[in-house]
Protein chains: 2
Amino acid sequence: MKPKEFCPVAETANILGRKWTLLIIYNLLRGGKRFNELKASLDGISSKTLSKELSALVEEGMVHRKVSTGPPVAVEYSLTEMGRDLKELIESMRSWGSKWLDKK
Amino acid sequence: MKPKEFCPVAETANILGRKWTLLIIYNLLRGGKRFNELKASLDGISSKTLSKELSALVEEGMVHRKVSTGPPVAVEYSLTEMGRDLKELIESMRSWGSKWLDKK
């Protein structure tokens with residue numbers, strides 16, 4: 001590929017290569033969740049890492065952060081159209097991984 | 001997910017998250033290549049990195065290294081069935097990236 005040419009595969013790898021990014025999106029595909037619900041679903045993630053990952057996902061346009069004025073105040077994270085559009089890709093990852101990696 | 005449970009999405013992300021890994025496979029989808037041909041196709045990769053990546057891909061079972069006894073001796077890298085099976089996934093990445101990332 002030529003220098004500075006846009007390569008959608010490389011750019012997508014840059015985003016999806018972040019393991020937690022993908023697992024957060026995978027969890028949100030089943031519906032919006034609060035911070036603590038997400039944390040409980042993601043075994044081993046620290047609050048600091050989850051918070052940082054969610055901010056990046058909001059910034060990149062894949063996750064929507066909704067604050068409902070209470071009481072009680074609640075913050076819910078859900079996928080935008082861009083995030084939901086990763087469903088097929090994540091399903092492909094799931095099926096490739098199930099087929100080739102589980103044997104080890 | 002429970003501790004130690006196998007998650008195909010997380011495991012696949014661990015492999016595909018390596019940007020060069022994916023680009024090497026993407027290049028080899030069009031057919032086997034020699035080291036220098038691959039290096040020329042991957043803008044910006046160093047010989048050291050390409051060599052390391054190829055060894056990992058051979059070890060993981062995605063790439064086959066074929067040495068033909070010469071003269072001249074030639075080494076060609078090609079995809080195994082496991083590697084070729086990533087085609088659909090990489091095409092999904094390409095189409096998602098083209099749709100959502102090129103606008104920046």
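Summary of computed values
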{"quantity": "In the range B:1-43, the residues that are of a type in the set (D, E, K, R), part of a helix (DSSP H, G or I) and at pLDDT below 90", "calculated": "B:Glu11, B:Lys19"}
{"quantity": "Any chance B:Leu23 is buried (at least 16 other Cβ atoms within 10 Å of the Cβ), facing chain A (nearest Cβ under 10 Å) and of a type in the set (A, V, I, L, M)", "calculated": "yes"}
{"quantity": "In the range A:48-90, the residues that are β-branched (Val, Ile, Thr) and within 13 Å of chain B (Cβ to nearest Cβ)", "calculated": "A:Thr80, A:Ile90"}
{"quantity": "Number of the exception - A:Ala10 against (1) without any contact (Cβ under 8 Å) to a residue 12 or more places away in the chain; (2) within 15 Å of the chain's Cα centre (by Cα); (3) within 21 Å of B:Asn14 (Cα to Cα)", "calculated": "(2)"}
{"quantity": "Residue check for A:Ile15: within 14 Å of chain B (Cβ to nearest Cβ) and touching a helix residue (DSSP H, G or I) at 6+ places or on another chain (Cβ under 6 Å)", "calculated": "no"}
{"quantity": "Residue that is surrounded by the most Cβ atoms within 10 Å (Cβ to Cβ) [pool: residues in the range A:28-55 that are under 19 Å from A:Lys66 (Cβ atoms) and hydroxyl-bearing (Ser, Thr, Tyr)]", "calculated": "A:Ser41"}
{"quantity": "Scan of the range B:56-92 for residues that are of a type in the set (A, V, I, L, M, F, W, C), within 20 Å of B:Lys39 (Cα to Cα) and surrounded by 14 or more Cβ atoms within 10 Å (Cβ to Cβ), ordered by number", "calculated": "B:Ala56, B:Leu57, B:Val58, B:Met62, B:Val63, B:Leu79, B:Ile90"}
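The values are calculated or read from the model by the stated rules, or taken from the named source; none is laboratory data. Quantities reported herein were computed from a predicted structural model and do not represent experimental measurements. Glycine also receives a Cβ, built like all others from the backbone with ideal geometry; neighbour counts cover every protein chain displayed.
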